[in-house]
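Q: Got a structure for you, written out below as structure tokens; questions coming shortly.
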Amino acid sequence: MAQWEPKIIALLCNWCSYGAADLAGVSRLKQPPNIRIIRVPCSGRVNPKFILASLRKGADGVWVSGCHPGDCHYIEGNYYARRKFALLKDFLEYVGIEPERVHFSWISSAEATKFAKVAEEVVDAVRKVGPARYLVKREVEVE
Amino acid sequence: MFEYTEKIREIVKRLLQDRVVDGVIGFRKGTVPMMNHPFFMKHIEQVPQLYWDSWCGVNLANYLPKRQDKVAVVAKGCDSRSIVVLIAENQITRDQLYIIGIPCKGMLDRRKIYDTVRTRGRDITDVMERDGLIVVTGKDFSLGLDRNQYLQENCAICLHRNPVIYDELVGEMVPEQEIDRYEDIRAIESMSSEKRWEYFSKLTEPCIRCYACRNACPFCYCPQCFVDESKPQWVGKTIDPTDTLTFHLLRAFHLAGRCTDCGSCERACPVGIRVRMFTKKLEKDVKELYGYEAGVQLGERPPLDTYRPEDPQDFIK
Ligand code: SF4
Ligand code: SF4
Ligand code: SF4
């Protein structure tokens, strides 16, 4: 078997972190190839279901990124998101999901270097804990 | 406890006579011991059926969301807090309610009684309460048990036994307890990820996905619950361990900052799962992070429906 590479779902806000990812690409910054990006209109749009669904479908890590506080395109979406994520992250850890699997960041559309840096950090953290073990829905073979 | 019953009847009779309310939600004596059931009534002739003792654990706030009429409702501390939350969530208005407040000494756990008595192979025909003693009677035995040993788990650690809002009380306020609510949660927090995973996998293993816990909760009033969604289907519908745990995680998360720890979910569970181990963790975090306790203050916004610019964010890169 080829060496294991982490698969990470990144839920990026259209107005900032998604732009930063774009800019990082255009600027030819070196980034890990393990990130699978899903564009969302706002970090406030990220339902905890999305994070659980990613883990259930076998993602080794999940990363949500939005605009810095005060910079939300919808004024306050990220403030609500922040409360939701604070509780969710702690709650997932409480039931045994390793803290290294779920990440959050604020990255503006101008911060391409931050994007590349955080992407590295996220991948490294997930790599450290290895392939997803918990909450993965295993398919059952039916004879 | 009989004084409470008398007083409830007296109040309700007056309310119906004066046409203050359209109906009343209270309790009536159950057909099996230790299981009183919710009672919906409109007529004065039904007043003698109203009843109160230590087996009225059901949270009557569960019958309030989206009501159009004006009702009187019998409410313990936790029920009254649930009403406060429901008012904040626009499920009912304060003017629609006449709250008959019960200063509560804690509800009792029938399972604990059965455990004590059944191990001796005896069926229970009647249970009475007298001066801090529970008298359990069966075919050829009668047993006095210390009430304090048989409280529901949530009642043993309850900090708001007195109703937080009411129109009338049925008795003197009771002293509030001072107690550490989160001992068991901290014990789990101090375990390793593996051990925690093991703990919760074991905890939810017997779950048969009957959703009684959801149905008993006053805050599970969504017209369509996430468990019934099919396109996309976020949570698998089977009793595969992953599906079951996902259900529990989301159910609890939906109650973050809302759950008043009334214990109705746990007492409804047919297989005795301690589902409060999920909700209580969120309750603890909400308190520590945002200094909020569900339903204690009328008019306060629920914690996930508001924010402060300086909210903690150490976990964000
Ligand atoms: S949680 Fe508190 S108010 Fe509610 S039944 Fe138990 S002791 Fe009474
Ligand atoms: S989750 Fe359980 S304890 Fe909390 S409010 Fe709902 S029924 Fe009561
Ligand atoms: S009541 Fe118990 S068995 Fe039923 S869904 Fe809830 S936890 Fe599972």
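Q: Grab every C-alpha pair in chain A, bin the distances at 10 angstrom width from 0 up to the longest one, and report whole percents.
A: 12, 41, 34, 10, 2, 0
Q: Kirkwood hydrodynamic radius, computed over distinct alpha-carbon pairs, for chain B: how many Å, to one decimal?
A: Averaging 1/r across every pair of different Cα atoms and inverting gives 21.0 Å.
Q: Let me ask something else about it. Give me the residues in the range B:212-247 whose solvent-accessible area, probe 1.4 Å, is reduced by at least 20 Å² once all protein chains are included instead of the chain isolated.
A: Relative to the lone chain, where solvent access is computed with a 1.4 Å probe, the range B:212-247 loses at least 20 Å² at B:Trp234, B:Asp240, B:Thr242, B:Asp243, B:Thr246.
Q: Then there's this: Two decimals, Cα atoms only, Kirkwood Rh: what is Rg/Rh over the range B:183-305?
A: With Rh from the inverse mean 1/r over Cα pairs, Rg/Rh is 0.96.
Q: May I ask you to derive the FRET efficiency for A:Asp124 and B:Lys237 from their Cβ-Cβ distance with R0 = 22 Å, giving the value to the nearest 0.05?
A: Once the sixth-power term is evaluated, E becomes 0.05.
Q: Can you tell me how much longer the chain between B:Gln96 and B:Glu3 gets when fully stretched, taken as 0.36 nm per residue apart minus their C-alpha distance, in nm with one decimal?
A: 30.8 nm
Q: Can I ask one more? Given N residues in the protein assembly as shown, what is Rg(Cα) / (2.2 N^0.38 Å)?
A: The value comes to 1.12.
Q: Further, regarding this structure: Return the whole-Å distance between the Cα centroid of the range A:9-43 and the Cα centroid of the range B:271-301.
A: Comparing the Cα centres of the range A:9-43 and the range B:271-301, I get a distance of 35 Å.
Q: What total accessible surface area, summed over both chains, is buried at the interface between chains A and B, computed with a 1.4 Å probe and given in Å² to the nearest 100?
A: Chains A and B together bury roughly 4000 Å² of accessible area.
Q: In deg cm²/dmol, rounded to 500, what helix-only [θ] at 222 nm does chain A give when every DSSP H run of at least 4 residues adds -39500 (n - 2.57) and the total is split over its residues?
A: Rounded to the nearest 500, the figure is -12500 deg cm²/dmol.
Q: While we're here: Can you give the convex hull volume of the alpha carbon atoms of the range A:59-121 per residue, in Å³?
A: Convex hull volume per residue, Cα atoms: 83 Å³.
Q: I'd like the Karplus ³J(HN,Hα) series for the range A:63-76: coefficients 6.51, -1.76, 1.60, θ = phi - 60°, whole numbers in Hz, and an x wherever there's a Gly or Pro.
A: 9, 10, 9, x, 6, 4, x, x, 10, 4, 4, 9, 6, 9
Q: A further question on this structure: Using the beta-carbon distance between B:Glu194 and B:Met173 and R0 = 51 Å, what value does 1/(1 + (r/R0)^6) give for FRET efficiency, to the nearest 0.05?
A: 0.65
Q: Do any of A:Lys57/A:Lys89; B:Lys7/B:Lys42; A:Lys89/B:Lys237; A:Lys7/A:Lys84; B:Lys29/B:Lys70; A:Lys49/B:Lys76 go past 26 Å between their Cα atoms, and which?
A: A:Lys49/B:Lys76, as the Cα separations exceed 26 Å there.
Q: Could you tell me the calculated FRET efficiency between B:Asp126 and B:Ile208, based on Cβ-Cβ distance and R0 = 25 angstrom, to the nearest 0.05?
A: Working from the Cβ atoms, E equals 0.20.
Q: What residue among B:Val21, B:Val170, B:Val117 shows peak mean-square fluctuation when chain B is described by a Gaussian network model with Cα springs under 10 Å?
A: B:Val117
Q: Once you've got the GNM for chain A with C-alpha springs shorter than 10 Å, pick whichever of A:Arg39, A:Arg101, A:Arg83 has the biggest mean-square fluctuation.
A: A:Arg83
Q: Related question: Once each part is reduced to its C-alpha centroid, what is the distance from the range B:39-56 to the range B:185-259 in angstrom?
A: The range B:39-56 and the range B:185-259 have Cα centres separated by 34 Å.
Q: No other cysteine beta carbon under 4.7 Å away is the test; run it over chain B and list who passes.
A: B:Cys56, B:Cys104, B:Cys155, B:Cys158, B:Cys207, B:Cys210, B:Cys222, B:Cys225, B:Cys259, B:Cys269 - these cysteines have no disulfide-compatible partner (Cβ-Cβ under 4.7 Å) in chain B.
Q: Pull up all non-local amide H partners of A:Trp63: gap of 5 or more, or a different chain, and H-to-H distance under 5 Å with H placed in the peptide plane.
A: Those lying under 5 Å, H to H, from A:Trp63 are A:Ile9, A:Ala10, A:Leu11, A:His103.
Q: Calculate one ³J(HN,Hα) per residue across the range A:87-99 by plugging θ = phi - 60° into the Karplus curve 6.51 cos²θ - 1.76 cosθ + 1.60, and present them in order as whole Hz with x for glycine and proline.
A: Rounded to whole hertz, the list is 5, 5, 4, 5, 5, 5, 5, 4, 8, x, 5, 5, x.
Q: Using a Gaussian network for chain A with springs between C-alpha atoms less than 10 Å apart, which of these wobbles most: A:Ile37, A:Ile75, A:Ile97?
A: A:Ile75
Q: Considering only protein heavy atoms and a probe of 1.4 Å, how much of the accessible area of the range A:8-129 is carbon and sulfur, as a whole percent?
A: 53
The values are calculated or read from the model by the stated rules, or taken from the named source; none is laboratory data. Just so it is clear, the model here is predicted, and its values are computed rather than measured. All Cβ positions, even for glycine, are placed from backbone atoms using ideal geometry, and neighbour counts span all protein chains on display. Side chains included, ligands, DNA and RNA excluded: accessible areas come from the protein's heavy atoms. Shrake-Rupley method; radii C 1.70, N 1.55, O 1.52, S 1.80 Å.
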